[in-house]
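The values are calculated or read from the model by the stated rules, or taken from the named source; none is laboratory data. Given the structure is predicted, the values throughout are model-derived calculations rather than measurements. Just the protein is used for accessible areas: all its heavy atoms, side chains included, with ligands, DNA and RNA removed. Shrake-Rupley method; radii C 1.70, N 1.55, O 1.52, S 1.80 Å.
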Amino acid sequence: MVRPLSQHARNIHFLETRHPLPPLSQIALTVAVVLAKWQDRARTRRALSRLTAHELKDIGLTREQAWTEAKREFWRA
C-alpha cells in the first residue's frame, strides 16, 4: 500500500529545513520515526486481520488479500 507522506516525515522535513539538528539528535529522531512507522503498520495490519467479510467488501479486498497483507512483517512497507 502506498501512503501519502506521513505526519512524521513532514515533521522531520520541517525540522531539517528550519533548524538543522546535531548528528546524534538526528539519529535519535530518525530511529523514533522508524519505530513509530513500524508500530503503525503492526496496528493497522492487526486491525485488517480482524475485519469482517462485509467490511472487507466495503474496502474492496478479499479475505485472502487481507490475510496476505496482515501477515506481512511490520518492518516491510
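Numerical summary
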item	result
Karplus-derived HN-Hα couplings along the range 67-77 (A = 6.51, B = -1.76, C = 1.60, θ = phi - 60°), whole Hz, x at Gly and Pro	5, 4, 5, 5, 8, 5, 5, 5, 7, 8, 6
Computed accessible area, residue 75, all protein chains, 1.4 angstrom probe, square angstrom	120 Å²
